[in-house]
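K.L.:
This is the structure I have questions about; it appears just below.
The values are calculated or read from the model by the stated rules, or taken from the named source; none is laboratory data. None of these values were measured; they are calculated from a predicted model. Here the Cβ is made from the backbone with ideal geometry for all residues, glycine too, and neighbour counts use every protein chain on show.
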Amino acid sequence: MPPDVVGTGMTSYGDDATIRGILTGTGDTWAVVGLSGNTARAAYGVARVLQRYGKRIVPVHPKAETVLGEQGYASLAEVPFQVDVVDVFVNSTLAGEVADQAVRAGAKAVWFQLGVIDEAAYGRTREAGLAMVMDRCPAIEIPRLG
């Protein structure tokens with residue numbers, strides 16, 4: 001089980017070193033699972049921030065739309081190249097399967113967005129050797145960590 005965040009009573013699913021490592025050292029190709037052309041959705045805004053910071057985003061959504069100039073794919077298994085980080089914007093009940101797909105796809109890290117929590121998936125993914133952050137947002141963490 002992840003440690004408590006000092007003084008908050010909340011659980012931490014990613015320390016600053018892990019977060020910084022994913023953002024700066026894991027690679028620049030981020031599959032954004034749940035990203036569609038809906039500009040009102042959080043996934044769209046976060047994908048734009050990732051692009052602004054030099055990340056290549058890969059939309060993964062059943063509609064397989066081209067989003068922010070990048071070709072979309074219906075699933076991680078359909079992406080024909082290596083992705084470094086899998087950023088997950090799906091319901092917590094579906095997120096564990098996405099994490100398992102990320103392991104099978106050879107990703108280096110998995111990032112579950114704010115509110116996306118699956119402790120069993122966190123354990124499996126870390127046990128498989130991937131870095132993982134859960135219940136955090138890279139669009140918040142990038143400026144916070146500099």
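K.L.:
Between a residue in region 16-45 that is under 18 Å from residue 101 (Cα atoms) and any residue that is at pLDDT 95 or above and polar (S, T, N, Q), which pairs come within a Cβ distance under 7 Å, given they are 6 or more apart or on different chains?
P.N.:
Partner pairs satisfying both residue conditions: 29/82.
K.L.:
May I pose another question? Does region 138-145 include one or more residues that are in a loop (DSSP other than H, G, I, E, B) and touching a residue at least 40 places away in the same chain (Cβ under 8 Å)?
P.N.:
No; the residues of region 138-145 include none that is in a loop (DSSP other than H, G, I, E, B) and touching a residue at least 40 places away in the same chain (Cβ under 8 Å).
K.L.:
Give region 79-105 a look and list any residue that's under 14 Å from the mean Cα position of the chain (by Cα), of a type outside the set (A, V, I, L, M, F, W, C) and surrounded by fewer than 23 Cβ atoms within 10 Å (Cβ to Cβ), or say none.
P.N.:
Listed by number, the residues that qualify are 84, 91, 92, 96, 97, 100, 101.
K.L.:
Applying the selection to region 67-83, what residues are closer than 14 Å to residue 57 by Cβ, touching a helix residue (DSSP H, G or I) at 6+ places or on another chain (Cβ under 9 Å) and of a type outside the set (Gly, Ala, Ser)?
P.N.:
67, 68, 70, 76, 79, 83 - these are the residues of region 67-83 that are closer than 14 Å to residue 57 by Cβ, touching a helix residue (DSSP H, G or I) at 6+ places or on another chain (Cβ under 9 Å) and of a type outside the set (Gly, Ala, Ser).
K.L.:
Looking only at region 53-82, filter to residues that are in contact with a Gly (Cβ under 8 Å, 6 or more places away or on another chain) and in a loop (DSSP other than H, G, I, E, B); which one of those is nearest to residue 112 (Cα to Cα)?
P.N.:
Step by step, filter region 53-82, then rank; the result is 61.
K.L.:
Kindly provide the set of residues from region 97-118 that are outside any loop (DSSP other than H, G, I, E, B), of a type in the set (D, E, K, R) and either under 17 Å from residue 84 (Cα atoms) or at pLDDT below 95 (or both), ordered by number.
P.N.:
Taking region 97-118 and keeping what is outside any loop (DSSP other than H, G, I, E, B), we get 97-105, 109-112.
Imposing the further condition that a residue be of a type in the set (D, E, K, R) reduces the set to 97, 100, 104.
Within region 97-118, 100, 104 meet the criteria.
K.L.:
While we're looking at this one, here's another question. Look through region 83-96, keep the residues that are assigned to a loop (DSSP other than H, G, I, E, B) and not aliphatic (A, V, I, L, M), and return whichever of them is nearest to residue 45 (Cα to Cα).
P.N.:
Across region 83-96, the extreme among qualifying residues is 89.
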